[in-house]
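What follows is calculated from the coordinates using simple rules that are stated; it is not laboratory data. Note that this is a predicted model, so its numbers are computed, not measured. Glycine gets a Cβ as well: all are built from the backbone with ideal geometry, and neighbour counts include every protein chain shown.
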Ligand SMILES: NC(=O)c1ccc[n+]([C@@H]2O[C@H](COP(=O)([O-])OP(=O)(O)OC[C@H]3O[C@@H](n4cnc5c(N)ncnc54)[C@H](O)[C@@H]3O)[C@@H](O)[C@H]2O)c1
């Protein structure tokens, strides 16, 4: 039985707690403790009581007292590196939420610790656990899409003023002197960037031939809410264009295009629609493993057993290219979108939502044409 611990109970920590509860029910792991600086909300307290988990205010007290096999870190990005490093030094495997770290220097520290300790560190990019991602990667690797390969992702979400006010780190570039980088490309739509990298097979690259970034904001935040990232490498192109000021919201999607056809994957799900060599779209359905179950299964093998097909979908090293791009993105200035281009609506409870006029079409055009938003008139 894998002895697991969870750091961070609110926000996405609740999703991890539900998964821990499910896996505990399957007898795959035991929750030995949690840590959070604030008391657990009532729903979490019920689950923790039922699972018999201890709760600590400080994560290093949790590590000292419980010495878990596996620690899930679901705290804000600026705390990831130090928490993951402490867990690895304490002898625990780690499931670390995305974005794994805020820069390449932090990445190097964690990669060194992983190689020194031989422990596993998996990053919470759950779209990489989808069979749809593997299928697109295989098709791309086999050259099925032909020449002129462009992998694009788009994201259209709306985030209101309550979202930006919900935590001290939301919309911040730094907090108490530490980098947070909560921008649209580096956090809310980090999965879009990572999914494209995985399809292209660029995820572990240390450098890219050509990177162009434009960051804009319509909300009163430190970071970007509307952005585009274009990377060119080996004759192929990746474009991620996203907005948190959408006119209409939709599920983010990753699209692969080439001379011989295209494929579209809504990366929060497991279906791909593929059109190759003039055929109509064929929809293929896949399943996905949860990253925590994958780790629990891997760790449950008797010592010395070969992996036997069990592999992590997103080991830390697979996010090296992502972290390199985080540095490129965060180095770009954030430009304000003209007030004349935004519409702000107020709800009864006083929350406001900012929408950028025409942004949905701009984001789609950027990803399909490989253009930057400024080139399209933003
Ligand atoms: N994989 C995904 O799809 C996904 C989705 C949402 C968020 N996330 C990631 O999860 C992480 C957390 O995001 P969130 O939205 O849940 O944040 P949040 O601020 O809502 O919750 C963070 C939790 O960590 C706790 N915390 C803060 N400092 C702590 C400390 N020093 N010790 C112990 N606990 C501490 C907070 O009290 C809170 O309970 C981020 O990295 C975010 O990007 C991932």
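Take the Cα of residue 297, step 7 Å toward its Cβ, do the same at residue 335, and the gap between the two points is 4.7 nm. Ordered by the number of other Cβ atoms lying within 10 Å of each residue's own Cβ, fewest first, 56, 163, 216 fall into the sequence 163, 56, 216. For the chain, the longest principal axis of the C-alpha atoms and the axis of helix 359-369 are separated by about 80°. With the largest listed first and rounded to whole Å, the semi-axes of the equivalent ellipsoid of the range 142-217 from the Cα gyration tensor are 30, 15, 10.
I want to make sure I understand the PRE zone here: with the label point 7 angstrom from the Cα of residue 3 toward its beta carbon, which residues in the range 92-127 have backbone N atoms less than 12 Å away? Under cut-off, by backbone N: 92. Note that the range 316-368, at 4 °C in a medium of 1.567 mPa s, gets a Stokes-Einstein diffusion coefficient of 90 µm²/s from its Kirkwood radius over C-alpha pairs. Applying 0.36 nm per residue to the separation of residue 46 and residue 61 and subtracting their alpha-carbon distance, the gain on full extension is 3.2 nm. Enclosing the Cα atoms of the range 180-237 in their convex hull gives a volume equal to 87 cubic angstrom per residue.
Hey, if you drop one equal point scatterer on each alpha-carbon of the chain and run the Debye formula without solvent, what base-10 log of I(q)/I(0) do you get at q = 0.08, 0.14 Å⁻¹? Result of the Debye calculation: -0.42, -1.25.
Take the alpha-carbon centre of the range 112-159, take the same for the range 345-367, and report the distance between them in whole Å. Each part reduced to its Cα centre gives a spacing of 28 Å. Inter-part distance, the range 1-27 to the range 195-244, computed on C-alpha centroids, equals 32 Å. Once the C-beta distance of residue 376 and residue 250 is scaled by a Förster radius of 22 Å, the resulting FRET efficiency is 0.70 to the nearest 0.05. Spread over its residues, the convex hull of the C-alpha atoms of the range 281-339 is 211 Å³ per residue.
Taking the number of Cβ atoms within 10 Å of each Cβ as an exposure proxy, the fewest-first ranking of 156, 181 is 156, 181. Computed over the chain, relative contact order equals 18 percent, with contacts defined as Cα pairs under 8 Å that lie 6+ residues apart. Over the residues of the chain, the helix contribution to mean residue ellipticity at 222 nm works out to -9000 deg cm²/dmol, using -39500 (n - 2.57) for each DSSP H run of at least 4. The distance between label points at residue 343 and residue 117 comes to 5.1 nm (points 7 Å beyond Cα on the Cα→Cβ vector).
In plain terms, the residue of 346, 227 with the fewest other Cβ atoms within 10 Å comes first and the most crowded comes last, giving 346, 227. For the range 141-223, the relative contact order works out to 30 percent when only alpha carbon pairs closer than 8 Å and six or more residues apart are counted. Classify the range 215-296 as rounded, prolate or oblate, taking a ≥ b ≥ c as the square roots of the eigenvalues of its Cα gyration tensor: rounded when a/c is under 1.5, otherwise prolate if a/b is larger than b/c and oblate if not. The shape class here is oblate.
The calculated P(r) of the range 2-126, using every Cα pair and 10 Å bins from 0, goes 14, 49, 31, 6, 0 in percent. Modelled this way, with points 7 Å down the Cα-to-C-beta line, the labels at residue 138 and residue 368 are 2.9 nm from one another. As a length-normalised measure over Cα pairs under 8 Å and 6 or more apart, the relative contact order of the range 2-126 settles at 23 percent.
Between the helical axis of 80-89 and the longest alpha-carbon principal axis of the chain there is an angle of about 40 degrees.
In degrees from 0 to 90, rounded to the nearest 10, what is the angle of the helix 320-331 Cα long axis to the longest principal axis of the chain? Approximately 60 degrees, to the nearest 10. Highest mean first, the peptides 260-266, 168-174, 140-146 sorted by other C-beta atoms within 10 Å per residue fall in the order 260-266, 168-174, 140-146.
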